[in-house]
Amino acid sequence: MAVEKVPCLRTVLALTLLVAAGVAVVVAAGEASEVDAEARKALAKRFPLPWKVSRSVTVFYGDFRDGGLWDSEAAGCKAAGAAPEDHPLMLRVCAEGDGKSEEQSGQARRMKMRSNGWLVLQILKERGLSMRMASPWGRLFWVRVGLPGVPTGDWPLLGYGELGPHQLVNRIPGMSTLLNKKDAFARSVAAKRAAFPDGGFDFHPVSYVLPADSAALAKAAAAVVASGGDQRFIIKPVCGGRGQDISVVAAEDVVAAAPANGEWLVQDYIGNPLLVDGHKFSIRLYLLVTSVNPLRVFVAREGIVKFAGIPWSASRAANALDPANINIHITNNAANAHTPGFESSDSPEVDDVGLRRSISAIRRQLADAGHDDAAIFAAIDDVLLKAVLAVEDEVSGLIDAYVPYPNNTFQLLGVDVDLDANLKPWVIELNVNPSLGSHAAFETPHKKELLHTVLDMAGATPFDAAAFKAEVIAPRVHAASCSGQPEPGLPQQTWCDERVFAAVVDFEYELAMARGFDPLFPRAHNGRTMAGYMTTLKDADAALLDYVLFKSARPPPPSPPFHLHTEL
């Protein structure tokens with residue numbers, strides 16, 4: 001057996017992959033990303049992709065109604081018509097080599113570093129995936145549809161049926177409309193709140209969808225005025241983004257201020273935000289949904305904290321109709337980047353200054369202020385999972401109807417969570433197109449690690465993930481949990497049924513790949529309680545929960561030379 005010296009192992013993944021490939025490991029100092037790259041290469045030697053499986057990826061930036069695709073290897077964009085301004089990567093690719101001055105080209109390079117597509121392109125190249133223009137045989141389809149085209153121009157339902165067993169798309173059917181559209185998500189949460197009044201589904205502000213709920217909004221606003229309360233309302237488009245077209249108004253003005261045309265959402269405004277350094281802030285967290293039937297959801301432990309551009313002032317916040325005060329309320333980078341005094345770190349080592357900081361930094365600041373940051377983020381985890389549970393049943397039905405293979409789809413979600421002064425977390429919105437651009441230097445390595453991990457967990461790997469699961473993970477899971485008689489006091493071995501055992505193997509594979517991600521579901525902590533909020537507890541969900549509880553109840557085995565990452 002060969003012995004190789006590799007950099008420091010921050011994760012069990014690298015050790016798992018290297019030893020599985022027959023390589024003994026000596027730990028030395030270095031970067032985990034180098035370890036992961038070596039691990040993928042080693043595993044690719046033992047589990048090569050079948051010849052018929054494409055190594056290509058089709059990257060889609062645009063709207064399926066327009067046919068807007070781009071080819072990263074081409075000199076320019078290949079799109080139907082001109083590239084619209086909300087397709088930044090298409091503009092960057094077209095701009096290179098077009099005779100612009102050196103100063104203009106330098107500016108284009110700096111802008112490209114901040115664009116969503118630049119980082120995706122770099123990661124895909126690092127993973128050895130070649131780009132193909134609208135190839136039906138692509139291994140991975142990476143989709144990003146600009147707002148407001150998400151509800152109608154996203155990956156078409158009938159397109160799922162064309163996928164083969166080795167093909168992946170970063171879209172789970174229904175999530176673009178049920179989660180990304182603010183009106184649909186508000187209705188889904190309201191339905192869960194009505195079904196489970198004591199279930200903690202009050203994590204989303206009370207919402208009114210216009211024009212349908214105009215009478216209910218007028219009644220609520222009149223009640224606030226009559227009581228002398230100071231409740232304000234926030235008005236936003238149902239499928240908007242980047243902080244555009246948002247206003248905050250007082251109760252006596254909300255009916256007149258609400259737009260008469262189009263679809264809009266009006267919500268109770270959280271008027272007592274928790275402040276850090278005098279500013280309101282939002283926490284951007286990343287969720288990865290690898291499966292809905294059975295449900296498997298993970299949360300990234302690192303993320304971005306976005307601060308409002310103007311310090312909070314109760315008097316200015318109360319003057320809601322003054323447009324100059326909007327940057328007290330909203331935290332979107334696009335809206336605040338030009339605010340006087342806006343700054344962010346220009347050092348990868350500094351993540352706790354300016355208006356964009358890391359989750360690690362905000363947790364340190366909360367702890368320094370005397371708050372229990374572990375309890376705060378445990379509460380955030382609960383509301384993140386409940387947000388997914390609000391739409392789980394409808395999404396599951398679409399998957400059953402349209403998706404041919406269990407591992408065809410995955411979904412990376414960006415979720416914005418606000419904290420009020422009582423430390424209550426509020427889910428503000430979810431985004432199926434989370435920003436992957438970098439607006440502070442520390443964000444780039446974080447988001448590169450995030451993307452690599454997402455693709456590893458989803459199975460978009462340079463090795464045959466299916467063979468790795470079948471030959472390495474499945475036998476070990478079966479030997480550890482399905483051999484012998486059920487132990488007294490532990491869950492019955494429902495997960496050993498061949499109909500659901502594959503889901504257990506998938507889950508263990510994802511845990512082994514989950515650098516910086518923790519499972520939200522299934523999990524031993526309050527997993528049964530959360531499962532009770534499902535419209536229908538499916539057999540596979542129940543069996544996967546049994547497996548997790550079985551693992552948590554048994555003492556961990558002695559560490560063998562090779563082991564899976566099974567800590568929850």
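The values are calculated or read from the model by the stated rules, or taken from the named source; none is laboratory data. The structure displayed is predicted, hence computed values, not measured ones. Positions of Cβ are generated from backbone atoms using ideal geometry, with glycine treated the same way; all protein chains shown enter the neighbour counts. Quick note on the areas: whole protein, heavy atoms, side chains included, nothing else; ligands and nucleic acids left out. Shrake-Rupley method; radii C 1.70, N 1.55, O 1.52, S 1.80 Å.
For the stretch 203-213, does any single residue satisfy the condition of being surrounded by fewer than 13 Cβ atoms within 10 Å (Cβ to Cβ) and free of Cβ contacts under 8 Å to residues at least 40 places away in the same chain? The answer is yes, given that some residue of the stretch 203-213 is surrounded by fewer than 13 Cβ atoms within 10 Å (Cβ to Cβ) and free of Cβ contacts under 8 Å to residues at least 40 places away in the same chain.
Put simply, of 203, 196, 281, 298 the only residue that is over 29 Å from residue 173 (Cα atoms) and of a type outside the set (D, E, K, R) is 281. When each of 217, 265 is tested for being assigned to a strand (DSSP E or B) and in the same structural domain as residue 183 (by the TED database), the lone residue that passes is 265.
Look at residue 178 and say whether it is surrounded by 15 or more Cβ atoms within 10 Å (Cβ to Cβ) and farther than 13 Å from residue 391 by Cα. No: the conditions fail for residue 178. Listed by position, the helices (runs of 4 or more DSSP H) inside the stretch 275-373 whose residues that are at pLDDT 85 or above and in contact with a Phe, Trp or Tyr (Cβ under 9 Å, 6 or more places away or on another chain) number at least 3 are 359-368.
Residues of the stretch 392-438 that are part of a loop (DSSP other than H, G, I, E, B) and within 21 Å of residue 162 (Cβ to Cβ): 403, 404, 405, 406, 407, 408, 410, 432. On the stretch given as the stretch 531-542, residues that are open to solvent by less than 30 Å² (accessible area, probe 1.4 Å) and in contact with an Asp or Glu (Cβ under 7 Å, 6 or more places away or on another chain) total 2.
Among the residues of the stretch 238-250, is any in the same structural domain as residue 380 (by the TED database), more than 28 Å from residue 376 (Cα to Cα), of a type in the set (Gly, Ala, Ser) and crowded, with 18+ Cβ neighbours inside 10 Å? Checked the stretch 238-250: at least one residue is in the same structural domain as residue 380 (by the TED database), more than 28 Å from residue 376 (Cα to Cα), of a type in the set (Gly, Ala, Ser) and crowded, with 18+ Cβ neighbours inside 10 Å.
Of 262, 278, all but one fail to be surrounded by fewer than 16 Cβ atoms within 10 Å (Cβ to Cβ) and within 30 Å of residue 211 (Cα to Cα); the exception is 262.
Residue-wise test of (1) assigned by the TED database to the domain that holds residue 267; (2) open to solvent by less than 50 Å² (accessible area, probe 1.4 Å); (3) over 27 Å from residue 200 (Cα atoms).
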residue: 352; (1), (2), (3): yes, no, yes
residue: 372; (1), (2), (3): yes, no, no
residue: 376; (1), (2), (3): yes, yes, no
residue: 381; (1), (2), (3): yes, yes, no
residue: 397; (1), (2), (3): yes, yes, no
residue: 405; (1), (2), (3): yes, no, yes
residue: 413; (1), (2), (3): yes, yes, no
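Starting from the stretch 429-454, take each residue that is closer than 21 Å to residue 380 by Cβ and of a type in the set (A, V, I, L, M) and list its partners that are open to solvent by 30 Å² or more (accessible area, probe 1.4 Å) and modelled with pLDDT of 90 or more, counting only C-beta distances under 8 angstrom and pairs at least six apart or across chains. These pairs meet every condition: 450/302; 450/516.
The residue that is farthest from the chain's Cα centre (by Cα), counting only those in the stretch 495-530 that are open to solvent by less than 10 Å² (accessible area, probe 1.4 Å) and farther than 22 Å from residue 454 by Cα, is 495.
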